[in-house]
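Colleague: Supplied in structure tokens, the structure appears directly below.
The values are calculated or read from the model by the stated rules, or taken from the named source; none is laboratory data. These figures come from a predicted structure and were not determined experimentally. For neighbour counting, all protein chains shown are included, and Cβ atoms are generated from backbone atoms with ideal geometry for every residue, glycine included. Ligands, DNA and RNA are excluded from the accessible area calculation, which covers all protein heavy atoms including side chains. Shrake-Rupley method; radii C 1.70, N 1.55, O 1.52, S 1.80 Å.
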Amino acid sequence: MTIHSLLTPRAHLLAVISLQLAAACASSETLVAARAGHDDYSGRERSPSAIHTRTLTLDAHAHIGFREEAYATSEMDPGGFTTLQTDLPKMRAGGLDVQMINVFSDQRPLGLEGYANALENAEISYASIDRMLRAYPNQIALARSADDILDINASGRLVALLAIENAFPFGEDMKNVALWRERGVTSVLIVHYGNNQFGGSVSPRAEHGDPEADPGLTPLGQDLVEALNNAGIIIDVSHAGPRTTSDIVALSRAPVIASHSGVRALLDEARNVSDEQIRMIADRGGVVCISTVRGYLGTFSPEYLEARSALGAELNLNTGKGRQAASQETIDTYYRREAELSKRYGDITVSDMVDHIDHVVAVAGIDHVAIGTDFDGGGGVGGWRNAAESPALTEELLRRGYSEDDIGRIWSGNFLRVMRATEAAAR
Ligand SMILES: [Zn+2]
């Protein structure tokens, strides 16, 4: 593999450490059994790191950065150090076991040309993810089902899940659903920023002629919901408008997810789910995944924003190219000084994020909440800025009195339940 020969001594070191970590997780069958609820934790070490290590952790929404074409090339090697928020060494270091990786498409005006462009971009993104999986078969593997997740995890490897953010590239041909399922897609977010051929977005785009009010699912959108149900693919309502969301939930034979949101009751942000939507999703057995996107969780202090932007400019990190070219040292410097800023001006932190988790639990119960960071797509909060810092969530949940069982539900149990129900609904 070309990438391997380009691995730096540092990446080799990280690979060795991760293999040691994998060895330490040897008794995964018992862990998996425990995670599946046969849970007698008495006599087990109860430190946050021990519980985090014992918990199957799943992030239901992340990306490969804004330069998809560079991902898994010698320019950006996810097997070694990258400036991404999530890569293989960071997942290992943070005990993040499963990552849902998105093939993302920006919304363009509808029509054959738009579909063709979107498909072209989606193919580039998919090829990059596939390249990463082929480069590191001993470290990570693609799961196509809930059982696959447990089997790959039991083998000591990391688990990738494949999702599509914005079904726009499907065009108007439902055969594309089977094609992407064949490639391993297990989740599809139907509408992103701007309405598409399937339904309305919570953020319509006037420049595309989108009406302000959500028109709901189109007849083609109804066909898509049925095709996704038949293929056993999880339907994701994040970014969908209120009417499209309720149309999807009402029509779908399987429970749905909202893969990355906050809650409207704590922050009146259109992208956030209302209590009514939380109940609607939960009543059909679905889950709301809370994100680490600061803008969904709280309001920034303008001083913090200004100071952070100035820091980014100083270190040449405010552009994709600048970030891409940044050295490890520069990134470390950024994180160190950014942490100082968040202390001085107040930041939105993992504690704020858990307030949103608490709210979903209060509205719908412990069985209807999960995690969708949006790392490398706009995610990251104080204390949980990248995959390596994932134990911070477990720590905060424990600090608030969540039991180990409940932490297992939040981190993966609830999502796995929806995945199994979706597989069972397939035809
Ligand atoms: Zn998104």
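Colleague: Just to verify a result, which residue in the range 242-263, among those that are in a helix (DSSP H, G or I) and either aromatic (Phe, Trp, Tyr) or open to solvent by 20 Å² or more (accessible area, probe 1.4 Å) (or both), is nearest to the ligand (Cβ to nearest atom)?
Modeller: By that ranking, first place goes to Pro242.
Colleague: Could we say that Glu404 is within 21 Å of Thr53 (Cβ to Cβ), acidic (Asp, Glu) and either open to solvent by less than 20 Å² (accessible area, probe 1.4 Å) or within 16 Å of the ligand (Cβ to nearest atom) (or both) here?
Modeller: yes
Colleague: Just checking, which of Asp59, Asp87, Asp77 is among the charged types (D, E, K, R) and within 16 Å of the ligand (Cβ to nearest atom)?
Modeller: Within the list Asp59, Asp87, Asp77, the selection yields Asp59.
Colleague: Okay, next question. Please specify each residue of the range 284-293 satisfying the condition of being over 20 Å from Gln99 (Cβ atoms) and either open to solvent by 30 Å² or more (accessible area, probe 1.4 Å) or within 14 Å of the ligand (Cβ to nearest atom) (or both).
Modeller: Answer for the range 284-293, where residues must be over 20 Å from Gln99 (Cβ atoms) and either open to solvent by 30 Å² or more (accessible area, probe 1.4 Å) or within 14 Å of the ligand (Cβ to nearest atom) (or both): just Arg284.
Colleague: If Arg44 satisfies every condition in (1) of a type in the set (Lys, Arg); (2) modelled with pLDDT under 85; (3) surrounded by 15 or more Cβ atoms within 10 Å (Cβ to Cβ); (4) closer than 23 Å to Glu396 by Cβ but one, which is the exception?
Modeller: Single failed check for Arg44: (3).
Colleague: Among the residues of the range 102-131 satisfying the criterion of being within 16 Å of the ligand (Cβ to nearest atom) and in contact with a His (Cβ under 7 Å, 6 or more places away or on another chain), which is nearest to Phe375 (Cα to Cα)?
Modeller: That would be Asn102.
Colleague: For the range 293-308, give me each residue that is closer than 22 Å to Gly377 by Cβ and over 25 Å from the mean Cα position of the chain (by Cα).
Modeller: Tyr304
Colleague: May I pose another question? Within the range 164-176, work out how many residues are surrounded by 23 or more Cβ atoms within 10 Å (Cβ to Cβ) and either in contact with a helix residue (DSSP H, G or I) (Cβ under 9 Å, 6 or more places away or on another chain) or among the aliphatic types (A, V, I, L, M) (or both).
Modeller: So the answer is 6.
Colleague: Would you be able to tell me the number of residues in the range 181-197 that are in a helix (DSSP H, G or I) and touching a residue at least 40 places away in the same chain (Cβ under 8 Å)?
Modeller: So the answer is 1.
Colleague: Let me ask another. Among the listed residues Arg385, Arg409, Arg400, Arg417, identify the single one that is modelled with pLDDT under 95 and either out of contact with any helix residue (DSSP H, G or I) (no Cβ under 6 Å at 6 or more places or on another chain) or closer than 29 Å to Asn230 by Cα (or both).
Modeller: Of the residues listed, the single one that is modelled with pLDDT under 95 and either out of contact with any helix residue (DSSP H, G or I) (no Cβ under 6 Å at 6 or more places or on another chain) or closer than 29 Å to Asn230 by Cα (or both) is Arg385.
Colleague: Tell me which helices (runs of 4 or more DSSP H) are completely within the range 67-176 and hold 1 or more residues being among the acidic types (Asp, Glu), or say none if there are none.
Modeller: Result: 112-135, 146-154.
Colleague: Also, I was wondering about something else. Being closer than 24 Å to Glu303 by Cα and either surrounded by fewer than 24 Cβ atoms within 10 Å (Cβ to Cβ) or touching a residue at least 40 places away in the same chain (Cβ under 8 Å) (or both), is that true of even one residue in the range 386-399?
Modeller: Checked against the condition, which is being closer than 24 Å to Glu303 by Cα and either surrounded by fewer than 24 Cβ atoms within 10 Å (Cβ to Cβ) or touching a residue at least 40 places away in the same chain (Cβ under 8 Å) (or both), the range 386-399 yields at least one hit.
Colleague: Which residue pairs have Cβ atoms closer than 6 Å, lie 6 or more positions apart in sequence or on different chains, and pair a first residue in the range 107-135 that is aromatic (Phe, Trp, Tyr) with a second residue that is open to solvent by less than 40 Å² (accessible area, probe 1.4 Å)?
Modeller: Listed by first residue and then by second, the contacts come to Tyr115/Gly171; Tyr126/Val103.
Colleague: I need the full set of residues from the range 266-283 which are away from the ligand (no atom under 16 Å from the Cβ) and surrounded by fewer than 17 Cβ atoms within 10 Å (Cβ to Cβ), in order please.
Modeller: Hits for the range 266-283 are Leu266, Asp268, Ser274, Asp275, Glu276, Arg279, Asp283.
Colleague: Considering each of Asp376, Asp355 in turn, give the residue that is in contact (Cβ under 8 Å) with a residue 24 or more places away in the chain and open to solvent by less than 40 Å² (accessible area, probe 1.4 Å).
Modeller: The conditions single out Asp376.
Colleague: Just to check your reading of the model, which residue among Thr30, Thr2 is hydroxyl-bearing (Ser, Thr, Tyr), closer than 27 Å to Val185 by Cβ and either modelled with pLDDT under 50 or open to solvent by 80 Å² or more (accessible area, probe 1.4 Å) (or both)?
Modeller: Unique residue meeting the criteria: Thr2.
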